[in-house]
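Reviewing the structure listed below.
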Amino acid sequence: MTAKADVYNARWFEILLALLAINLTLNIINFKMARKGKWLVFIFHVAFLIILVGAALTRYMGYEGVMHIREGESSDFILSAEPYVTFKVTKGDKTYDFKEN
């Protein structure tokens with residue numbers, strides 16, 4: 001949990017990964033890796049770029065949680081990793097909702 005808070009959720013780590021992607025892209029361009037003799041190195045660099053794009057999509061478009069699935073059973077809910085409070089109060093014929101992240 002400490003590594004996640006101190007490293008993976010830190011802004012400097014995101015900047016480091018962005019710099020890595022820029023460096024890989026510039027290396028592909030500068031060393032002209034899209035030539036016949038350098039296909040393996042080109043594929044290696046492009047693979048890393050695809051991994052970084054996938055990681056960015058997961059980070060900014062996904063959500064984190066835990067789903068408990070026992071053997072032979074199915075589940076349709078996820079326990080969110082984000083703390084939040086939600087409650088509903090009904091008084092007479094009026095209903096009040098409260099949500100806070």
#### Entry: Criterion violated by Ala55 - all others in (1) under 18 Å from Ala81 (Cβ atoms); (2) free of Cβ contacts under 8 Å to residues at least 24 places away in the same chain satisfied
(2)
### Query
Would you pick out the residues in region 67-80 that are under 21 Å from Ala5 (Cβ atoms) and modelled with pLDDT of 95 or more?
none
### Residue list for region 27-47, filter: of a type in the set (A, V, I, L, M, F, W, C), without any contact (Cβ under 8 Å) to a residue 12 or more places away in the chain, open to solvent by less than 90 Å² (accessible area, probe 1.4 Å) and part of a helix (DSSP H, G or I)
Val41, Ala47
### Query
Quick one: what pairs do we get from region 1-18, first residue outside any helix (DSSP H, G or I), second surrounded by 10 or more Cβ atoms within 10 Å (Cβ to Cβ), C-beta under 6 Å, 6+ apart or different chains?
none
## Note on the structure
Taking region 33-75 and the residues there that are polar (S, T, N, Q) and more than 11 Å from the chain's Cα centre (by Cα), the one that is farthest from Leu17 (Cα to Cα) would be Ser74
### Query
What pairs come up if the first residue lies in region 68-79 and is without any contact (Cβ under 8 Å) to a residue 40 or more places away in the chain and of a type in the set (Gly, Ala, Ser), the second is surrounded by fewer than 10 Cβ atoms within 10 Å (Cβ to Cβ) and in a loop (DSSP other than H, G, I, E, B), and their beta carbons are under 6 Å apart, counting only those six or more places apart or on different chains?
Ser75/Met67; Ser75/Ile69
### Task
Please go through region 48-92 and pick out each residue that is in contact with a Leu (Cβ under 8 Å, 6 or more places away or on another chain) and exposed (fewer than 10 other Cβ atoms within 10 Å of the Cβ).
Val66, Met67, His68
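The values are calculated or read from the model by the stated rules, or taken from the named source; none is laboratory data. Bear in mind that the values here come from a model prediction, so they are computed numbers and not experimental data. Here the Cβ is made from the backbone with ideal geometry for all residues, glycine too, and neighbour counts use every protein chain on show. Just the protein is used for accessible areas: all its heavy atoms, side chains included, with ligands, DNA and RNA removed. Shrake-Rupley method; radii C 1.70, N 1.55, O 1.52, S 1.80 Å.
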